[in-house]
Structure formats: structure tokens, C-alpha cells
1. Tell me whether region 55-63 contains one or more residues that are closer than 30 Å to SER195 by Cα and either modelled with pLDDT of 95 or more or assigned by TED's automatic domain parsing to the domain that holds LEU113 (or both).
2. Which of the residues spanning region 392-438 are within 15 Å of the ligand (Cβ to nearest atom), aromatic (Phe, Trp, Tyr) and touching a helix residue (DSSP H, G or I) at 6+ places or on another chain (Cβ under 9 Å)?
3. Is it fair to say GLN419 is out of contact with any strand residue (DSSP E or B) (no Cβ under 9 Å at 6 or more places or on another chain) and touching a residue at least 24 places away in the same chain (Cβ under 8 Å)?
4. So in region 295-320, with the set limited to residues that are more than 18 Å from ASN341 (Cα to Cα) and within 34 Å of the chain's Cα centre (by Cα), which one is nearest to the ligand (Cβ to nearest atom)?
5. Considering each of GLN184, GLN171, GLN141 in turn, give the residue that is more than 22 Å from PHE35 (Cα to Cα) and at pLDDT 95 or above.
6. Has region 439-455 got at least one residue that is near the ligand (Cβ under 9 Å from one of its atoms) and surrounded by 18 or more Cβ atoms within 10 Å (Cβ to Cβ)?
7. For the subset of region 23-54 comprising residues that are touching a strand residue (DSSP E or B) at 6+ places or on another chain (Cβ under 6 Å) and exposed (fewer than 14 other Cβ atoms within 10 Å of the Cβ), which member is modelled with the lowest pLDDT?
8. Just checking, which of LEU209, LEU263, LEU227 is crowded, with 18+ Cβ neighbours inside 10 Å, more than 16 Å from the ligand (Cβ to nearest atom) and not in a helix (DSSP H, G or I)?
Amino acid sequence: MEKRKLILNLFEIGIIQFGSFTLKSGIQSPFYIDFRRLVSYPNLLKQVGLELGKLIDKSQFDFICGVPYAALSLSTTISLEQNIPMLIKRKEAKKYGTKKQIEGVFEANQTCLIIDDTITSGISMLEVADALKTEGLKCYQMLSVFDRMQGGLENLRAKGFEVKALFSIKQLADVLLEEGKIDQQLHNKILDFISANQVPIEKVEAKSLSYAEIQSQAIHPNAVKLLDIMESKQTNLCCSGDVSSCEDLLRLADEVGPHISLLKTHVDNLEQYEDSFIETLKSISKKHNFLLFEDRKFCDIGSIVMGQFTSDSYNISEWADFITVHVVAGSSSLSALKSTNKLNSCGLIVVAEMSTVDTLTDLNYTNKAIQISQDHKDIVVGIVAQNHRPKHKGQLLFTPGINIDIKGDNLGQSYNTPQVAFNQKGTDVMIVGRGIYKAEKPGIKAEEYKRIGWKAYNGRL
Ligand code: S5P
């Protein structure tokens, strides 16, 4: 079938629609492409499969794999038509059993072509490529029906993939204009939208995995536990309870408890600290189902951090689900903490980059801290950082310096909004202190942060 005819047929069945559509990112788009409708038109599905098939050379790969769900029917069509074995990427990784992300019969080092219906930023295809790589497969080529011309094709090529698309939004708009299906004004609006909404490679790199995907690769039991809580309570909020007395902290914990997944403490800042305080805090954490994160930022030589972690005065190793560590002393301090045998019940969070305006954590330091975190992936659940994600896919990014009302505190702290943190920097967990505990009603404020944070996380997927 001629390409022009194919475009007109796709337009007729409503796969290409014009109007005002709100995209997942919140942006208004003058057009919408929905290939999921194609399964209701088997003849047309077959035609699209045939046209895509003309763009591939099956001697160059062993399998094809469609990006779920919309491209599954396309890959099946091509697979049947050309007798090419198929693989299926699970949308949600299995929680139990093999934890396998790719279904099908394959061996390490075999190659796979990835198929999608639409390229926007390139992120979805990259995620499938990552999942294939994790299973030992190789991927060099990608194919899509449609390119929205928003930079995705270039992003994927910049990452070294050979990418082809059957047609672009410009070709589609040109055909529909020539055939009188849209007018010149709409044609201009489409092209203006494309040039104003390019997705740069930096945004693609900041894009992080879904919580389910992180959980499927998480190693430490507390990371798995935390992600379970986040999903079940629908909150990625860590409240930093930096109040000065135990009494105030217990009150705060009870108020914000229903809205948080984690409570962060600085117990050495608390007046009137008594051992019984921790017992009460633990019971509040059980009641509201959140975990405890002591932000002690251990940073000395191995023999000292071991003592600080296990000493009687705060007994941190006995109650904290997570602790922060600096790696300024090198990876040996992490090995020392591990040798206490207390890290099965407590995960480490490495401070890789700080939020202060004059921080000394430059790129060189941050990269080394991320590398050390990866090297210790059995005990490190994630990193604290602003602009960098952990290397290991099962580790989380925790980001402090979040406030929806102010930009800084005149003491060096600088703030971002949750939207910036989740959508531009790929944050997984936001840490909010004064934004919540200084509010008149911390419980209500925490609920507001919870709602904004969850929405922002969903916007990045
Ligand atoms: O870089 C950092 C790392 C941390 S852990 N910047 C930070 O602000 N923090 C902590 O996050 C800090 O110790 C404080 O407990 C919290 C931020 O509090 P806020 O009141 O500024 O939201």
C-alpha cells in the first residue's frame, strides 16, 4: 500500500486526532496519536506490519521485541509475517519467582530489534533496550511507525542506535493538508508545537525508572520494603523531622505519619534524648507504616564509624532502617560499617552531592561517590544527590532541598520544587524538612507535598 494511502487510512480510523490534548507531562498538544486503536482493524494492522517489515533486514538480528503495550500487536504481526522469533518485555517486572523482565527463549549475546509505534523522547525504547541488556541480549537497531519529531530519533542515535521510522509528523501533516483533511492554520500549529517542544538528551538521561522497575532490581531488603510502602501509600515523601525536642518529634511523626514513606531524623540534635523515645517512635512508625532514616552522615575512618554506628548512646544500628554516609574517607569506611554485621537490617544512603550553594561535592567527587555506591550495591540502597542518578538500577535517588514556598534559607540551602526534582532530575524520594515541620499544620502540609510529589512522579513515567 502506498504510504499516502496508509496515512489517510490511519487518519480515518482515528489513530491521528487533532484538537487540544493534555499529554502525560501536562503539556497541551494540538494532535494525538493513539496506535492502540489499530488492533480493532486487522487489515490495516497487517498493512502497517508489512510496511515496517520493508525497513528491516532480518539477517541482522535474532529477535524482535515491541515496546509494551501498543507495539506488541505490531511486533506480533511482523513476527508472523516474516517468521522472526519474538521476545516480550514485561511492563511490570515480576515481584516473585525469576524476576525476569523478558519472556521468550533466548541466549546471552543474541541480538534484538526494538519496535515501537511512536517515538517522542526515545525514553520508552531505551528502557526496553536496558531491560534486554540486563538479560544479556544485545540491541543495535530500533524501528518505529511514527516519529513525532520532538528529538527522540536524534536522542536514540546519539546513544548509538540505528533508528528508522516509517513516517514523521511533518510527512503526515503534509499529506493531510494536500488531501484537504486539515487546513494551513492547523498545519502551522503542528509544526510550531514540534519546534517548541523538543526533548533534549539531558532530559532523557534524567529520566528514571518506575518504582516497580527499581524494586525488581533492588538488592537490599529495606529498599524493597520502602518501595512497597511508597506504592501502597502512594507517597514518595520523606519528612525530615529536624525539630529540637523528642516530644515535638513524636508529635510531628504522628501528624505526618499517614502521608510519608520515611521519617528522617538527626537524633544528635534532640534535647532530652532518652532510649524510651526510640521505642515510642518505632511504635508510631508501625502504626502509620513508614520507615526510619537516621541522617547521621558518618564520615570518619573505618574504626571510628563502626563505633559511632553501634555505640550505646544512640544505638543507631539497632533501630534505623537507613543511615547516611559520606564517602570522603573512601570506600573503606563502607566496608568497615559492613563488618559490624548490622547492615542486613539497615541500608546505607551515600551522600554523593549536597544541596548547598557552595557545596564542595563537584562532579569529580559525585562521580566517584556514585561509583563507590555501585561497588557496594549489596549494602547501599541509594544516594543523596541533586543532579545525578545512581548507576545501579536497583538503587534510589533521595533529594533534599525541596520546598514549594521558598527558594533558599539565607544559610546556604537552595530549594527546588517537586516538579523539577522528579521531572528534570529524576528524583525517586523527596526530602522535605522546614517546608513541613514549620508549617502551621504539618499534617495538612505533608498531605499536600505527598499529593504533589506523587503527581510529579507519575508525570515522568
Ligand atoms: O545535601 C543535602 C543532604 C541532606 S541529607 N542537603 C540537605 O539539606 N540534607 C538534609 O535534608 C539536611 O540535613 C536537612 O535535614 C534536610 C533538609 O531540610 P530543609 O528544612 O532544608 O528541607
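1. Scanning region 55-63, I find at least one residue that is closer than 30 Å to SER195 by Cα and either modelled with pLDDT of 95 or more or assigned by TED's automatic domain parsing to the domain that holds LEU113 (or both), so the answer is yes.
2. TYR415, TYR437
3. Judged against the criteria, GLN419 is a match.
4. ASP295
5. GLN184
6. no
7. Filtering region 23-54 for residues that are touching a strand residue (DSSP E or B) at 6+ places or on another chain (Cβ under 6 Å) and exposed (fewer than 14 other Cβ atoms within 10 Å of the Cβ), the one modelled with the lowest pLDDT comes out as LEU23.
8. Being crowded, with 18+ Cβ neighbours inside 10 Å, more than 16 Å from the ligand (Cβ to nearest atom) and not in a helix (DSSP H, G or I) holds for just one of LEU209, LEU263, LEU227, which is LEU209.
The values are calculated or read from the model by the stated rules, or taken from the named source; none is laboratory data. If you're wondering where the values come from, they're calculated on a predicted model, not measured in any experiment. Neighbour counts are summed over all protein chains in view; Cβ atoms, including those assigned to glycine, are modelled from backbone coordinates with ideal geometry.
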